[in-house]
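Here's the structure we're looking at; comments come further down.
The values are calculated or read from the model by the stated rules, or taken from the named source; none is laboratory data. Keep in mind it's a predicted model, so treat the numbers as computed, not measured. Heads up, the Cβs are rebuilt from the backbone with ideal geometry, glycines too, and the neighbour counts pull from every protein chain shown. The accessibility values were calculated without ligands, DNA or RNA, using every heavy atom of the protein model including side chains. Shrake-Rupley method; radii C 1.70, N 1.55, O 1.52, S 1.80 Å.
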Amino acid sequence: MSATPVSTPRAPIDWDAIAVNLRTLYDQGVSGLREERDSLIRSVLELQHERTMLKMTLEGQASRDIQTISILSDERDCLRFTVHKLEDLLKEHRSLQASWDQKQSDLMNERDSLLVTVQSLELERDFLVETLHVRER
């Protein structure tokens, strides 16, 4: 035997209640999306502000770095000039030292020559004095 289904009475569908519930869910969803959107907009604005601040900081640092590089470049050029001047002075010093050494050597030779001349003159004087004493006797 086959059982026949028993039908149970159904309550009438309240389409207005369903519409109100759907509208409430829709409004809640839209409200949540708006809140999320507003939160994202605030986050974007904060990130843009941070980016602007970082950009200004980096630009300031870059400007200081450029100034530092310029100063260091000027100092390097000044040091190069100083090194070239010192090299020139060293060459001049060496030249003057060689000239001084040569003049000192020349003066020593002249002194030695004069000493020989003085000794020779002293011997000649002694000879003449001796000769004069011999004649006087």
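General observations
- The simple spin-label model puts a point 7 Å past each Cα toward its Cβ; for LEU115 and LEU90 those points are separated by 3.7 nm.
- The alpha carbons of the chain occupy a box of 193, 44, 18 Å along the principal axes, longest dimension given first.
- Rounded tilt (10° steps) of 15-136 against the dominant C-alpha axis of the chain: 0
- By accessible area, using a 1.4 Å probe on protein heavy atoms only, the chain has 61% of its surface on carbon and sulfur.
- Between HIS93, HIS49, MET108, the Cα set farthest toward the positive side of the dipole of the chain (charges on each charged residue's Cβ, about the Cα centre) is that of HIS49.
- Accessible surface area normalised per residue over region 45-123 is 93 Å², counting heavy atoms of protein chains with a 1.4 Å rolling probe.
- Here LEU40 and VAL20 are evaluated by their C-beta separation; at R0 = 25 Å the FRET efficiency comes out at 0.25.
- Assigned charges on the beta-carbon of Lys, Arg, Asp, Glu; region 68-127 dipole about Cα centre (debye): 280
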